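Undergrad: Below: one structure in structure tokens.
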Amino acid sequence: MNTCQPKILISQDGFCIAQCQHCQRIGLTFRNLLIGFEQTEFLDLCQTVSRVNFDESSTVFPGGQLQLVINTGHPDIQFMLSRQEFTTFSSGLSQASRRIEMQQLLKIQSN
Ligand SMILES: [Zn+2]
């Protein structure tokens with residue numbers, strides 16, 4: 001049985017996305033939360049997030065701060081992001097998904 005060999009796709013302060021070179025599973029760490037995804041689930045999340053407009057979809061939460069709720073695809077797990085967090089999150093996901101697509105292209109070419 002292979003152990004996971006994560007390759008870092010993006011790594012920032014408190015935000016890291018890595019993909020296993022064997023099973024292709026993806027680990028997303030955001031602050032102190034770690035969520036695992038299959039590659040297709042992760043790319044779906046990237047697609048969803050890339051289409052979200054913060055101003056149209058955010059809600060005022062108790063305390064008066066605007067927050068955006070994002071479904072992770074896992075039942076009962078949602079991200080709740082401020083505008084600034086959403087910007088970080090969304091640009092990180094788009095970088096990671098571009099890396100994955102590039103790796104897939106390289107794989108196709110080398111086959
Ligand atoms: Zn693995």
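Undergrad: Which whole-Hz couplings ³J(HN,Hα) result when phi for each residue of segment 89-99 is put into the Karplus expression 6.51 cos²θ - 1.76 cosθ + 1.60, θ = phi - 60°, listed in order with x for Gly and Pro?
TA: 4, 5, 6, x, 5, 6, 4, 5, 5, 5, 4
Undergrad: Can you tell me the dipole magnitude for the chain around its Cα centre, using point charges on the Cβ only (Lys, Arg +1; Asp, Glu -1), in Debye to the nearest 20?
TA: 360 debye
Undergrad: Taking all protein chains as present, what is the carbon and sulfur share of the accessible area of the chain, in % to the nearest whole number, probe 1.4 Å?
TA: Values: 3710 of 7270 Å².
After summing per-atom areas, the C and S share lands at 51 percent.
Undergrad: Run the numbers for Phe61 and His22: contour at 0.36 nm per residue of separation, minus the present Cα-Cα distance, in nm.
TA: Numbers: separation 39, 0.36 × 39 = 14.04 nm, distance 4.12 nm.
So the chain would gain 9.9 nm between Phe61 and His22.
Undergrad: For segment 61-100, with every protein chain kept in place, what is the accessible area per residue (1.4 Å probe, Å²)?
TA: Heavy-atom accessible area per residue stands at 57 Å².
Undergrad: Give the share of C-alpha pairs in each 5 angstrom bin for the chain, from 0 to the last occupied bin, in whole percents, shortest bins first.
TA: That works out to 2, 11, 21, 23, 19, 11, 7, 4, 2, 1, 0, in percent per bin.
Undergrad: Mind checking segment 1-78 for trypsin sites (Lys or Arg not before Pro) that DSSP puts in a loop (not H, G, I, E or B) and that have at most 15 other Cβ atoms within 10 Å?
TA: Those satisfying the criteria are Arg31.
Undergrad: Using θ = phi - 60° and the Karplus relation 6.51 cos²θ - 1.76 cosθ + 1.60, list the HN-Hα couplings for segment 46-54 in order, rounded to whole Hz, with x at every Gly or Pro.
TA: So the J values, rounded to whole Hz, are 4, 4, 4, 5, 5, 8, 7, 10, 4.
Undergrad: Right, next: Only Cα pairs within less than 10 Å get springs; with that Gaussian network setup on the chain, which residue of Gly27, Gly73, Gly14 has the largest fluctuation?
TA: Gly14
Undergrad: So for the chain, taking the charge dipole from beta-carbon charges (+1 Lys/Arg, -1 Asp/Glu), which of Ser94, Asn111, Phe15 sits furthest toward the positive end?
TA: It is Asn111, whose Cα lies furthest towards the positive end.
Undergrad: Right, next: What residues of segment 24-38 lie in the reach of a label at Thr3, counting those whose backbone N is under 20 Å from a point 7 Å from the Cα along Cα→Cβ?
TA: So the set is 24-28, 36.
Undergrad: Roughly speaking, what is the centre-to-centre gap between segment 66-84 and segment 10-29 when only Cα atoms are used, to the nearest Å?
TA: 18 Å
The values are calculated or read from the model by the stated rules, or taken from the named source; none is laboratory data. Given the structure is predicted, the values throughout are model-derived calculations rather than measurements. Backbone-built Cβ (ideal geometry, glycine too); neighbour counts: all protein chains shown. Keep in mind that these areas ignore ligands, DNA and RNA; they rest on the heavy atoms of the full protein, side chains included. Shrake-Rupley method; radii C 1.70, N 1.55, O 1.52, S 1.80 Å.
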